[in-house]
Amino acid sequence: MDSLPLHMRPERSFQGFILALQRFWAEQGCVILQPYDMEMGAGTFHPATTLRALGPKPWNAAYVQPSRRPKDGRYGENPNRMQHYYQFQVIMKPSPPNLQELYLKSLGAIGIDAAVHDIRFVEDDWESPTLGAWGLGWECWCDGMEVSQFTYFQQVAGFECAPVAGELTYGLERLAMYVQGVDRVYDLNFNGREGAEKVTYGDVFLQAEREYSRHNFEVADTTMLFEQFRMAEDACKKYLDAGWQENSKLGNRREHLMALPAYDQCIKASHVFNLLDARGVISVTERQSYILRVRELAKACGEAWLHTEAGGSSPSS
Amino acid sequence: MPDLLLELFSEEIPARMQAKAAEDLRRMVTDKLVAEGLVYEGAKAFATPRRLALTVHGIPTRQADLKDERKGPRVGGAEAAIQGFLKATGLSSIEEATIQRDPKKGDFYVALIEKPGRATIDVLAEMLPVIIRTFPWPKSMRWGRRSERPGALNWVRPLHAITATFGLETEEPDVVSFAIDGIEAGQTTYGHRFMAPSAISVRRFEDYEAKLLDAKVVLDPQRRKDAIVTDAKQLAFAQGYELVEDPALLDEVSGLVEWPVVLMGSFEEDFLKTPAEVIRATIRNNQKCFVVRDPKTGGLAPKFILTANIEASDGGNTIIAGNERVIRARLSDAKFFYETDLKTKLEDRLPKFEQIVFHEKLGTQAERIKRIEQLAAEIAPLVGADVEKVKRAAKLAKADLLTEVVGEFPEVQGLMGKYYALAQGENASVAAACEEHYKPQGPNDRVPTDPVSVAVALADKLDTLVGFWAIDEKPTGSKDPYALRRAALGVIRLITENALRLSMLQTAKSALTGSQGKGVGDPDKLVADLLSFFADRLKVQLREQGARHDLVDAVFALGGQDDLLMVVRRVDALGKFLDTDDGKNLLAGTKRASNILSIEEKRDKRSFDGAPDAALYNLDEEKALAKAIGEVSAEASAAVAKEDFAAAMRAMAKLRPAVDAFFDKVKVNDDDPKIRENRLKLLNEIRSATRAVADFSKIEG
């Protein structure tokens, strides 16, 4: 780390911080993916986590995923609440026996020294009703601040995980704020430069926060969104239906040829639902039924995935 | 005798599960030892975030040998019987059996079975894996490569190492040899995650505990708790403050650290403008830190106490600074929530309740609030409360549920309502009712006395009870998801402790008509059923107070008793009366009268109602009894009308000599049927006279 130029050091720059994490997990054998090109509420929705957590094949990956939480927008007024922020996601299947040690080492790689910080694993069981998924684990605390989620997936899309995957989610802005010692997310140094060359998180995202907050809470076209939800749901089901096929080479076992495109529509439906929720047009009772509808899609996609090559049902070559 | 040391070393065990897990481990191992005939001298279990440990000392080295004689078939008996005998006893041929002579019944075979006791260490090696596999964690999980196999080990979090040794103090102990899912039991454990992570080789409990302490692990949760409290008090005291003790938080915090290091941090004085309860909830729930009181002001001090898990190389400065940052951010959120809440009047929040479902079948919160308002207004005059204030309080009492602060910290519901009501200039009783209408929450909670609070509290609870009764969601067995028993007990305490006069049937009916009129069935039946639920709760409460609950039945059996205060007073007077000699004898006399009557009623297939004929009395004792009944009835009824139950009981006492004398001298079943009938009618009069106070036949003993 000391060989890095100042502006690349994780405690000086947000991008350096992300790069340090990527490098660390690359060294642990993870494939470093880029963000999925769809809007989603959490890195877990990325097919590299949701779908790859299912089935018997080993899978180690890490990636940054922008998380869209329309309801969390605060028009850029709140020091740490945003409708768009970054999560850094690590998934390792099967969960390695030293995953906790790896996690602690990764903190060291971004400048958090376990000799002066109080790092704790505090019970926090994870459940995603929309994904039909749950796991046991912790929220990881550093000096009283929650900085990561650590989960051993037990079930995803309604299916038992066999083997179990370990999932780590870092709240990047929050951690970087801590490491950089700033109290307002928009004051984060993004590029690690000083003076005229310095670009802050605010320079990059503040305007977007204002615009999207207005959009999410006031303007987003609800008639269109209701329609989009329905369309995504229909498309998902249609692609799922169209993807099933008997494979004579596999002794007429059923296989699925379009789990990923179908799952995209599930992601879409989930995000549209979040937007509708932010617009306050979904009542308490309806809310539950929308969540159930997305879950049904996720479960069907999970089932389809288990009948694909990467999902593990067919031989890999 | 040798000792067992067992340690299950894992990733972090949730704090709330540790104490029970330690106890379960102790119970399961010792129960099984005893079941295997291995009586031990003592056992103690411990838990830290990363380990469950158990020491059992004084276990015999071996099980005792078992000798058993099994009687078999007759010599020369059927071949099938002999084969069965061999199979059951494990003998390889009948020659191994001895023959017992019996000249009368014939000789028969006897098998001497000797079951040598097994070495304890083998018994342990067999039982420990079973215990680990069947351990009752509230939630458990699979992990790692083995999780794809069926039957993979489930544990609360990944299990990494098992230490299991058995042996004498003076000798090198043996490892109890077993393996579960690839984890071999051994004698290696690990110290503190950050300060002493290396492997440690342990022999037995004494060196185990000491080596852990060297490796910065305090094994005993009680020692960790004591250390935290002592240090926290000291830190607070050094600054002139006092620790606000919090046993539940202490339990949790001590389950989050293996090596407690107590530190004190500060926050800005300005935050103290936010209500103390909100500050405490913020610091406690979100940060698991203690708050500190300033004894000079009685209020909170701008300090908090945290428990870290390490001795940091910088003396804890970074940890304190980090925690201060988080607490500052949390408190500014809380302050922001509080100030935001103050900007909206409570009544302006109400429309939102129209969208919030209270219960699928019981409508929205808005509908419920309207019902409570209406019912509270009806109750108001009965409890001496101002109707307008009661209506106002009922309207506002739930509004704080929609505030930011209560959304964040549900435990301050009601209390925040009071603060917000005061802040918007509501009358003090109205504001108090916003908090107190939830009370009493349990048998130890305070009962409100302000009539406004009382009216709203009763209406709130009765609406709940009547509502769930109407949709047939009554508590059954141990299931009471809507806390209806607590609500009923609350009503009972509100009424009796405030000495309120209320017809329960009428009030419940009002609650019913005000609300879920639709599809309720027979309202009279419903409220009667609810009344008997109250009777049951009252019995439970009296039993817990050590009073005689059977007297409740005796009073309710009179019928028409729906004024709970009067029921309680009657029960009380009756209980005192039955403690006297007069009471006991009168009860015996009345029961005797009742018994005779019920036998004769059965025999004659008729009742003996109606006034006896004075002309048919031919004995002095009959006349005296008739006279006494007349006097006592009049006197007791007058006393009951004045609700002076003690006086009614005193009147009853006068009946006793006449009843005793009657049974002494008079033969009821006279040969003359007319006289017999008249005497039975007289007996019936005793029964009805005593019914002025209670149905004596329902009293036990």
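Below is a table of values for the structure above.
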| quantity | calculated |
| --- | --- |
| Flag for residue B:85 being out of contact with any helix residue (DSSP H, G or I) (no Cβ under 7 Å at 6 or more places or on another chain) and either of a type outside the set (Asp, Glu) or on the phi > 0 side of the Ramachandran plot (or both) | yes |
| Hits in the stretch B:138-193 - residues which are buried (at least 21 other Cβ atoms within 10 Å of the Cβ), polar (S, T, N, Q) and touching a Phe, Trp or Tyr at 6+ places or on another chain (Cβ under 8 Å) | B:163, B:189 |
| Pairs, first surrounded by 13 or more Cβ atoms within 10 Å (Cβ to Cβ) and of a type in the set (Phe, Trp, Tyr) in the stretch B:589-616, second in a helix (DSSP H, G or I) and modelled with pLDDT under 85, C-beta under 6 Å, six or more apart | none |
| Pairs, first in the same structural domain as residue A:15 (by TED's automatic domain parsing) in the stretch A:193-210, second of a type in the set (A, V, I, L, M) and in a helix (DSSP H, G or I), C-beta under 6 Å, six or more apart | A:201/A:185 |
| Verdict on residue B:332 being closer than 30 Å to residue B:257 by Cβ, within 10 Å of chain A (Cβ to nearest Cβ) and assigned to a helix (DSSP H, G or I) | yes |
| Residue check for residue A:94: surrounded by fewer than 18 Cβ atoms within 10 Å (Cβ to Cβ) and either within 13 Å of chain B (Cβ to nearest Cβ) or closer than 15 Å to residue A:149 by Cα (or both) | no |
| Criterion violated by residue B:321 - all others in (1) over 37 Å from the mean Cα position of the chain (by Cα); (2) over 30 Å from residue B:197 (Cβ atoms) satisfied | (2) |
| Residues satisfying the stated conditions in the stretch B:5-17, i.e. closer than 18 Å to residue B:209 by Cα, within 13 Å of another protein chain (Cβ to nearest Cβ) and either free of Cβ contacts under 8 Å to residues at least 24 places away in the same chain or not hydrophobic (A, V, I, L, M, F, W, C) (or both) | B:10 |
| Residue B:511 vs. criteria part of a helix (DSSP H, G or I), under 21 Å from the mean Cα position of the chain (by Cα) and within 23 Å of residue B:451 (Cα to Cα) | no |
| Those residues of the stretch A:186-201 which are out of contact with any strand residue (DSSP E or B) (no Cβ under 7 Å at 6 or more places or on another chain) and not small (Gly, Ala, Ser), in sequence order | A:191, A:193, A:194, A:197, A:199, A:201 |
| For residue B:121: the one exception among (1) surrounded by 14 or more Cβ atoms within 10 Å (Cβ to Cβ); (2) within 14 Å of chain A (Cβ to nearest Cβ) | (2) |
| Flag for residue B:139 being away from chain A (no Cβ under 14 Å) and either among the small types (Gly, Ala, Ser) or in a loop (DSSP other than H, G, I, E, B) (or both) | no |
| Qualifying positions in the stretch A:105-123 - of a type outside the set (Gly, Ala, Ser) and within 9 Å of chain B (Cβ to nearest Cβ) | A:113, A:116, A:117, A:118, A:119, A:120, A:121, A:122, A:123 |
| Residue satisfying condition, being more than 9 Å from every other protein chain (Cβ to nearest Cβ), touching a residue at least 24 places away in the same chain (Cβ under 8 Å), over 26 Å from residue A:179 (Cβ atoms) and aromatic (Phe, Trp, Tyr), within set B:271, B:290, B:304 | B:290 |
| Answer residue from the stretch B:638-664, given it is assigned to a helix (DSSP H, G or I) and basic (Lys, Arg) and is farthest from residue B:575 (Cα to Cα) among those | B:656 |
| Test: residue B:385 is outside the structural domain of residue B:305 (by TED's automatic domain parsing) and over 30 Å from residue B:270 (Cα atoms) | yes |
| Tally, over the stretch A:191-214, of residues that are buried (at least 18 other Cβ atoms within 10 Å of the Cβ), not in a loop (DSSP other than H, G, I, E, B) and not polar (S, T, N, Q) | 4 |
| Odd one out for residue B:648, checked against (1) touching a residue at least 40 places away in the same chain (Cβ under 8 Å); (2) farther than 16 Å from residue B:582 by Cβ; (3) of a type in the set (A, V, I, L, M, F, W, C) | (2) |
| Sole residue being more than 10 Å from chain B (Cβ to nearest Cβ) and surrounded by fewer than 22 Cβ atoms within 10 Å (Cβ to Cβ), chosen from A:102, A:131 | A:102 |
| Residue in the stretch B:48-57 that is out of contact with any Asp or Glu (no Cβ under 9 Å at 6 or more places or on another chain) and at pLDDT 85 or above present | no |
| Which numbered condition residue A:124 fails, given (1) touching a residue at least 40 places away in the same chain (Cβ under 8 Å); (2) surrounded by fewer than 22 Cβ atoms within 10 Å (Cβ to Cβ) | (1) |
| When residues of the stretch A:148-168 are limited to those that are of a type in the set (Val, Ile, Thr) and in contact with a Phe, Trp or Tyr (Cβ under 7 Å, 6 or more places away or on another chain), the one farthest from the other protein chains (Cβ to nearest Cβ) | A:151 |
| Where residue A:170 falls short, out of the listed (1) hydroxyl-bearing (Ser, Thr, Tyr); (2) part of a helix (DSSP H, G or I); (3) crowded, with 23+ Cβ neighbours inside 10 Å | (2) |
| Residue B:297 modelled with pLDDT under 95 and more than 14 Å from every other protein chain (Cβ to nearest Cβ) | yes |
| Segments classed as strands (runs of 3 or more DSSP E), wholly inside the stretch B:159-200, with at least 1 members that are charged (D, E, K, R) | B:183-186 |
| Scope the stretch B:669-699; condition among the β-branched types (Val, Ile, Thr) and assigned to a helix (DSSP H, G or I); matching residues | B:675, B:686, B:690 |
| Conditions (1) at the interface with another protein chain (Cβ under 9 Å from one of its Cβ atoms); (2) over 21 Å from residue B:324 (Cβ atoms): number failed by residue A:142 | (2) |
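Residues are listed down the side, and each one gets a yes or a no for (1) in a strand (DSSP E or B); (2) hydroxyl-bearing (Ser, Thr, Tyr); (3) more than 14 Å from every other protein chain (Cβ to nearest Cβ):
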{"site": "B:99", "(1), (2), (3)": "yes, no, yes"}
{"site": "B:103", "(1), (2), (3)": "no, no, yes"}
{"site": "B:114", "(1), (2), (3)": "yes, no, yes"}
{"site": "B:126", "(1), (2), (3)": "no, no, yes"}
{"site": "B:131", "(1), (2), (3)": "no, no, yes"}
{"site": "B:147", "(1), (2), (3)": "no, yes, no"}
{"site": "B:153", "(1), (2), (3)": "no, no, no"}
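The values are calculated or read from the model by the stated rules, or taken from the named source; none is laboratory data. Bear in mind that the values here come from a model prediction, so they are computed numbers and not experimental data. Positions of Cβ are backbone-derived with ideal geometry, glycine not excepted, and every protein chain shown enters the neighbour counts.
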